[in-house]
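First comes the structure, then the notes that go with it.
Rule-based calculations on the coordinates, nothing more; no lab input. What you see is a predicted model, and the numbers here were worked out from it, not measured in a lab. FYI the Cβ positions are ideal-geometry reconstructions off the backbone, even for glycines, and counts take in every protein chain you see.
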C-alpha cells in the first residue's frame, strides 16, 4: 500500500482493501472469510478490522464538511509537494532514468526512521548502539557515506530502531537534507556538506576508545 | 464507455464501478479542459455537478496512460486536496506523533499509485479507488498510520481517561457495552454527532488489547469463546483464552462506563 517506506506485501494490501471496501464496518463473517483467504495475515487483519471499526466512529459527515470547505483555487503546500513528488517519480519512471537514480530520488523523500524519535528515545538509541547523540545525529542527517558502513552496523541500527533493514539502508542512501528556511545568517545559501566515512564519523564524534572499537568491529 | 477494470473478486468476478461513477466518467471524459476545471471547482458532494473522487481517479489514470500532462495537472491536485482535507481530520495534529509528515507521506503514497499504475507488483491497485474511493483511501491511510505507530513504538496519543469506580459491577458493565453497540447503530444521526468525539477518545484511550476485545465482541459480533474448536471467537482471533477476553472486557467496561449515561 504505502510505497515510500516498508510497503506492506501485496497480498496484505489487497486484503486490507477488501476489508475496508466491503462494508462500512466489518463484521465477524467478513473478517473470518478474509482470514481464511489470507491465513498468514490473521493477526494483521484482526488489528486492521478493529482499526476500521474505531475509525468509523468519526462518521463521514465531518470529512464531507472538511472537503466542502476546501478552496479549490488554492493549492496547499502539502498538495504542491505531493504533485512535485508525483512529477519527479513519473519523469524517472517514464524516461527510464537509471534505476539507481530513481531509487535514490525516491528514498530521499522517504520518511526518516530517526525522525519519529523523541529526545529520550534518541538518547536511548544512542545508548543501545553504544554510541552517543552526536554520532546518532550524523546517522539521522545522513552525514556518513553509506558505502563505508559495514553490513553488521547497518543491521544493528535497524534492529535497535526496530525498523526494516531495507528502510534503514534506504535512509542512509538518500540525499542529505538541505536546510529549507527562507532566511540564513550565513552569507551564502546553505549547501549539503561532504559526507564522512564511517570510520571518520566514529573517530570524530567524541566516542570513547571502547565505543569506537565496538562500532568499528560490527 | 470507460475502460473495464481488471481487478477481480476472489471468485473471479470483475470489479465494476457503481453506475453513478460510470455515468460521470462518460460525461467528464468528453469535457474540455476549461469545462473540466469549472466542474472541479464544485466541492459540495451533494451538488449535482460535483465530480466524485472515483471519477477523478479514472481521469488521472487515463491522463497517465495517454501522457496527457495537462489533464493530470488539472485533476490530480483537486483529488489530493480532498485527501488532504480528509487527512486533517483523520490524522489530526496531536493525535499521532509527527502527524504532518505522516499526512504528507500518505499523499505521496497515493501519487505513487498513479506513477506505478499498470506496472509493479499490484498493477490494478487503483481499481479499488475507482469503485469506492473513500473506503480504499481509508485502507491506505489506516495501513500507513498502523505502520507509523509501529515504527515509533508508541500508542496513539490520546487523552487519558480517569479511572472510574463502577458501583454495581455487572449491571454497569452490561450497560456500558450496550451503549458501545448502540453507538455503532446510531452512527449517522445528529444525536451521535454530539457524543462522537468523547466516545472516540474513550475508545482510543483504551489499551490496545482491551480495545480489540471490545470491538471484536461488541462491534464485529464475535462470541467471547466457544466450546466448538472450529468456531472463530474473540479468543481465537486474539490468540488467548476466553477468560483473558473477559478480563479485558471487564477492565474496558470500567473505563467506558462513564459514557453509559451520556450516550
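Here are the numbers for this structure:
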{"item": "Highest-first arrangement of A:128-136, A:59-67, where packing means the average Cβ count within 10 Å", "result": "A:128-136, A:59-67"}
{"item": "Potential lengthening between residue B:8 and residue B:34 on full extension [0.36 nm per residue; Cα-Cα distance subtracted]", "result": "5.8 nm"}
{"item": "Cα→Cβ-extended label distance, 7 Å offset, between residue B:66 and residue A:121, nm", "result": "4.6"}
{"item": "Shape category assigned to region B:1-149 from the gyration tensor of Cα positions, a/c cut at 1.5", "result": "oblate"}
{"item": "Residue B:92-residue A:74 FRET efficiency (beta carbon distance; Förster radius 25 Å; 0.05 resolution)", "result": "0.75"}
{"item": "Sorted peptide list for B:215-228, A:83-96, criterion being average Cβ within 10 angstrom, highest first", "result": "B:215-228, A:83-96"}
{"item": "Cβ-based exposure ranking for B:244, B:8, in which fewest neighbours within 10 Å come first", "result": "B:8, B:244"}
{"item": "Residues of region A:113-133 with amide N under 18 Å of the 7 Å Cα→Cβ point at residue A:159", "result": "A:124-132"}
{"item": "For residues of A:122-131, the mean tally of beta carbons on other chains within 10 Å", "result": "0"}
{"item": "Virtual spin-label span in nm between residue A:10 and residue A:36, 7 Å along Cα→Cβ", "result": "2.5"}
{"item": "Test item: A:158-170 mean partner chain Cβ contacts at 10 Å", "result": "1"}
{"item": "FRET efficiency, residue B:47 to residue A:150 (Cβ-Cβ, R0 60 Å, nearest 0.05)", "result": "0.50"}
{"item": "For A:65-75, mean number of other protein chain Cβ atoms within 10 Å", "result": "6"}
{"item": "Estimated distance in nm for a label pair at residue B:26 and residue B:73, the labels positioned 7 Å out from Cα along Cα-to-Cβ", "result": "3.2"}
